[in-house]
Each structure stands twice: as structure tokens, then as C-alpha cells.
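The values are calculated or read from the model by the stated rules, or taken from the named source; none is laboratory data. Keep in mind it's a predicted model, so treat the numbers as computed, not measured. Heads up, the Cβs are rebuilt from the backbone with ideal geometry, glycines too, and the neighbour counts pull from every protein chain shown. Heavy atoms of the whole protein, side chains included, go into the accessibility calculation; ligands, DNA and RNA do not. Shrake-Rupley method; radii C 1.70, N 1.55, O 1.52, S 1.80 Å.
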Amino acid sequence: MVRLRFAPSPTGFLHVGGLRTALFSWLYVRQHAGKFIFRLEDTDQKRKVEGAENDLIRMLEWAGIDLDEGPGFGGDFGPYRQSERLDIYQEHVRKLLDDGNAYPCFCSAERLEKLKDDQRAKGDTPRYDGLCRMLQQEESSRRVDSGEQHVVRMKIPEVPETIVLQDLIRGNVSIDTSQTEDQVLLKSDGFPTYHLAVVVDDHLMQITHVVRGEEWLPSFPKHLLLYRYFGWTPPEFAHLPLILNPDRSKLSKRQGDVAVEDFLDQGFLPEALLNFIALLGWSPADDQELFSLTELVKEFSFERVNKSGAVFDRDKFNWMNQQYIQQLELNDLQQRLLPFLDKTPYAGEDTVLLKKAFGILQPRLLTLREIGQRLSIFFDESPQATDPEVFKLLQEETSKQVLSAFIKELESVEKLGEDNLSGLVKNVQLTTNIKGKNLWMPLRYAITLEVQGPDLKLIVDLFGKQKCLRLLRSALEL
Ligand code: GLU
């Protein structure tokens, strides 16, 4: 049975990169009727952020990625927080020490700092020089027994060798052990480093596939060596490509939001987020872009994940969210809009009118949060346009002619609705000799106050003659 894990560190909010790692693993698990495990990698206590564990789980839940095992979920292989498994790591380090595959290192932080500085000054890559590896066994044991502070390092093979990884995404990747150093496995406070904990846990938790970010690729020789030292068969590995900004720099907060939480707050739908994220690196055999989660489970494969970085295109994300909003049943849309509506002045408005407004706005909404500004024309006494493009067009001479002529037409009829709008506009065309865009746009802008406003016919039908007259007159005054 396949068993994959999502193993975040509780250092902050769930990043879209983390969500993608979770999603790809989860898709693979569900495709193979396996188990999806959540493991909290909280061995770096200094970087731990209060509340991060809950946030990570809450965001996975929101996105619809369900777990089979993890803290609070049960399963036979826990505890699932690394900070609660220290004795397990220490026991494994003892085995490495006994077998001569690791050694205690007593070097002080100052010595290591100076060593690095000297190496850098010479233009060398900073790495541990193996001083304590050379210590006689008796001396090492004596110093450990006397309680001297130390870490435990793994031994990289004396004779350099090339370690080859068959990565599910990158194919064969080789790295020479001369490029790695004697990695610290156990810190002086008794906590393991990532490198030890990840190998021990992935083995004990019977993980079959390790899916993680490309930033971990250089670490695989250390991990494969540890599997060898313990006499274990390594799992399969899939290293996912980076997620990039459009300028191809690494995706960063500087160019917009990157936390899943931010997307939730902005009113992106979880279905749209997952669909969008699935396409960050993975691509289907044809050019289909919209995928339900069920389709993704069916189609996903590591073979179709790209090696090169995937660009996070925010316009495309908006477009995709719009597609998903358009597909919602009106009742469903209404439910999803409620938390956003609650933050607007329109929360207490008439529910029938609200629902009508939602229906009219549905095709144009890019995000749910936009509802606040879009409801203004439906409920405010004198709504104002904010888009400079709207002002500019309404101030043009031809626009004013159209608006005045339309007001006259409107004053001569009893009511305005979807059925007589075109006839009235036709009359304006005949009297002003203005047609096409120059005819329709001033009317659209004056009544909807937006460039991308809702369908004019639906709006006039809802607003009726008096409200439209008010809007047209105030547009004429601009
Ligand atoms: N704790 C690591 C991280 O948050 C996980 C890496 C892995 O999945 O092995 O990046």
C-alpha cells in the first residue's frame, strides 16, 4: 500500500508551495487507495510559531485535502510530532555510533565559525573539516562520559563515491559525496536535525514516496547514505520544481500573497486554488485547464511534472477563480458570499434583493471579496464611480449627448425594463446619430458605474425607471 506524508515545519502559515506538495502527494495517495499522513517536523524549536500547527491543518481542511493519520487523527505509527519522538531518534543515533557510521563532535561554535570564515576567505566551500572524526575512540567516549557538550555527526564515506538517485520527476540525479560534509544528526540539546529525523520517520512510518521541494535535492546523498547505514530500503523520491514569480525569481511575498490563508481571505474558492496549484508544475496530456478534484486524482502522475520552475501567474488564477464562481449554483454562491457580506455595510439588506444582486454579479466576480464594492450600485443612495476610465468616458461630449437623449426617452415612457431598453436606445441612436460602442458604453458606465459592470439589461430591469434616471442625471453632472 502506498503511504505518503506531508511533513511541514510549524514555522508560519501554509505557503502555496507547501499546499502543492500536500496536493500532489494526496492525489497520488487517493489514486492508489493509500494513506496520507501528516507529520509535524518541529525539531527546530527556535523557529516554531505558536498556532502554526492548527493553521496548517485548518488550511488543508479548507482546501479539501483530508488526512488519514497525524496528530489528532490517530494511526499506528505516531506520535506524529517529531518533538515527541526524541527517544526514537536518540536510539537510532546510538546504533550509528555503535556501527562506526557516526561520531561525537565537540567543536565549539566559535571554532566552527572561524573555520568557515577561513574557508570562505580562501574561496573554498565552507564545510566541517572532520577534526573530531580523527579522535581516538577512547578519548571520544571519555569526553562524552564526562558530560562534555557535543553533537553527533554522520560519517561521509572516506573514499568519495557518486550517489545516484532515481527521482520520479528528474530521472537519474548523481551527486558526489565529496560535495557533502559530515552532517550533524543530533544536536547538543538532544534534538535531531531534519536529516536524521526525516530518514528515521519515513522508514518507521513506512512511507513509500517522499514528495518534497527541490530545495531538498542536494540533501539526498546524506539521506541515501543513512538508509544504507541503517540497512533500510529507501522510499521513492519526487523533488518538485520551484514556484516562481513572473520575473522568474523565487515566489515571494514581495510580489503578492503566498499564504493559503491570504487567498481564503481574498475570496478564492478552494476548488479554484487546488486546480490552479495542480497546474504549477504538472500538466495534463492535452490542454485542458479546468479540473475537478476527482479528475485530478484520475489524471495526476509524477511523470508529467516538469523539472523546470513553474510560474505563478496571478491573472490566470483570477481567471480560474472566476470560472469556478460562474459554475456555482446561486444558493451555493450565496452561502459562500455570506462571510464576505458580513464585513460590508450591506449585511442587513433585503435578502431577496441581495440574492438578485448576487445572480447579476455572478458572471463578473473574480473573487468573493469583491462583493463589497460591487453591491454599492444596488444599495447606496448615490453610488459613486471610482474608476478613472468611467469618469473619462462619461465626460466626453458624445457621452453627454447620449445620456441627455436617453433621459428624454426615459421621461416619455412609463417604465423601464429589459423589454423596452433596446427600443429606447435605438431611438437615441436615431436622434443623435451615435452608434455602437459610443452609444452603449456611456449608458453602461452611467448605470453600472464600472468598466466591467454587470449586464445592463438585467440591471435596468432590477433598478427600474426612477433609479436609472437618478444615475443618468448624476452621470450627466460629472
Ligand atoms: N519539514 C520540511 C519542510 O517543511 C519537510 C521536507 C520533507 O518533506 O522532507 O520543508
Since residue 170 meets every condition but one in (1) within 15 Å of the ligand (Cβ to nearest atom); (2) charged (D, E, K, R); (3) open to solvent by 10 Å² or more (accessible area, probe 1.4 Å), which condition does it not meet?
(1)
If residue 473 satisfies all but one of (1) farther than 15 Å from residue 410 by Cβ; (2) open to solvent by 70 Å² or more (accessible area, probe 1.4 Å); (3) at pLDDT 95 or above, what's the number of the condition it fails?
(1)
Considering only the range 27-52, state which residues are assigned to a loop (DSSP other than H, G, I, E, B) and more than 10 Å from the ligand (Cβ to nearest atom).
32, 33, 34, 48, 49, 50, 51
Can you find a residue in the range 296-309 that is surrounded by fewer than 17 Cβ atoms within 10 Å (Cβ to Cβ) and closer than 22 Å to residue 367 by Cα?
no
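I'd like the full set of residues that are surrounded by 15 or more Cβ atoms within 10 Å (Cβ to Cβ) and in a loop (DSSP other than H, G, I, E, B), limited to the range 76-95. Show your work before the answer.
The first filter runs over the range 76-95 and keeps only residues surrounded by 15 or more Cβ atoms within 10 Å (Cβ to Cβ), leaving 77-78, 80-83, 85-86, 88-90, 92-93.
Matches in the range 76-95: 77, 78, 80, 85.
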Hits in the range 392-440 (condition: open to solvent by less than 80 Å² (accessible area, probe 1.4 Å) and of a type in the set (Gly, Ala, Ser))
399, 404, 405, 417, 422, 423, 436
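Residue 196: within 16 Å of the ligand (Cβ to nearest atom), in a helix (DSSP H, G or I) and open to solvent by less than 20 Å² (accessible area, probe 1.4 Å), yes or no?
On the way: within 16 Å of the ligand (Cβ to nearest atom): yes; in a helix (DSSP H, G or I): yes; open to solvent by less than 20 Å² (accessible area, probe 1.4 Å): yes.
Against the criterion (within 16 Å of the ligand (Cβ to nearest atom), in a helix (DSSP H, G or I) and open to solvent by less than 20 Å² (accessible area, probe 1.4 Å)), residue 196 qualifies.
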Give me the pairs: first residue in the range 254-268 and without any contact (Cβ under 8 Å) to a residue 60 or more places away in the chain, second residue open to solvent by 40 Å² or more (accessible area, probe 1.4 Å), beta-carbon distance under 7 Å, and six or more apart or on different chains, which are they?
256/314
If I filter the range 77-87 for residues that are over 16 Å from residue 205 (Cβ atoms) and either modelled with pLDDT under 95 or in contact with a strand residue (DSSP E or B) (Cβ under 6 Å, 6 or more places away or on another chain) (or both), do I get at least one hit?
no
Residue, nearest to the chain's Cα centre (by Cα), within the range 209-228, restricted to residues that are open to solvent by 40 Å² or more (accessible area, probe 1.4 Å) and more than 12 Å from the ligand (Cβ to nearest atom):
218
Would you confirm whether any residue within the range 178-187 is part of a loop (DSSP other than H, G, I, E, B) and β-branched (Val, Ile, Thr)?
yes
Could you list, in sequence order, all residues of the range 96-127 that are in contact with a helix residue (DSSP H, G or I) (Cβ under 7 Å, 6 or more places away or on another chain) and either aromatic (Phe, Trp, Tyr) or not in a loop (DSSP other than H, G, I, E, B) (or both)?
96, 102, 103, 104, 105, 106
When only residues in the range 13-23 that are open to solvent by less than 20 Å² (accessible area, probe 1.4 Å) and more than 11 Å from the ligand (Cβ to nearest atom) count, which is nearest to residue 214 (Cα to Cα)?
20
Among helices (runs of 4 or more DSSP H) entirely inside the range 363-441, those with 1 or more residues being of a type in the set (Lys, Arg) and touching a residue at least 12 places away in the same chain (Cβ under 8 Å) are 371-374, 397-411
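Quick check on my filter: what residues within the range 229-245 are more than 11 Å from the ligand (Cβ to nearest atom), part of a loop (DSSP other than H, G, I, E, B) and in contact with a Ser or Thr (Cβ under 7 Å, 6 or more places away or on another chain)? Give the derivation first.
Narrowing the range 229-245 to residues more than 11 Å from the ligand (Cβ to nearest atom): 229-234, 236, 241-245.
Then drop every residue that is not part of a loop (DSSP other than H, G, I, E, B), which leaves 231-234, 241-242, 245.
241, 245 - these are the residues of the range 229-245 that are more than 11 Å from the ligand (Cβ to nearest atom), part of a loop (DSSP other than H, G, I, E, B) and in contact with a Ser or Thr (Cβ under 7 Å, 6 or more places away or on another chain).
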Looking at (1) assigned to a helix (DSSP H, G or I); (2) open to solvent by 70 Å² or more (accessible area, probe 1.4 Å); (3) of a type outside the set (Ser, Thr, Tyr), which one does residue 325 not meet, given that it meets all the others?
(2)
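Quick grid of which residues meet (1) open to solvent by 20 Å² or more (accessible area, probe 1.4 Å); (2) of a type in the set (Asp, Glu); (3) in a loop (DSSP other than H, G, I, E, B); (4) within 12 Å of the ligand (Cβ to nearest atom):
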position: 1; (1), (2), (3), (4): yes, no, yes, no
position: 8; (1), (2), (3), (4): no, no, yes, yes
position: 11; (1), (2), (3), (4): yes, no, yes, yes
position: 25; (1), (2), (3), (4): no, no, no, yes
position: 54; (1), (2), (3), (4): yes, no, no, no
position: 58; (1), (2), (3), (4): yes, no, no, no
position: 65; (1), (2), (3), (4): no, no, yes, no
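Using the structure shown, decide if residue 244 is farther than 28 Å from residue 185 by Cβ, in contact (Cβ under 8 Å) with a residue 24 or more places away in the chain and open to solvent by 10 Å² or more (accessible area, probe 1.4 Å).
Details: farther than 28 Å from residue 185 by Cβ: yes; in contact (Cβ under 8 Å) with a residue 24 or more places away in the chain: yes; open to solvent by 10 Å² or more (accessible area, probe 1.4 Å): yes.
Taking the combined requirement at face value, the residue satisfies it.
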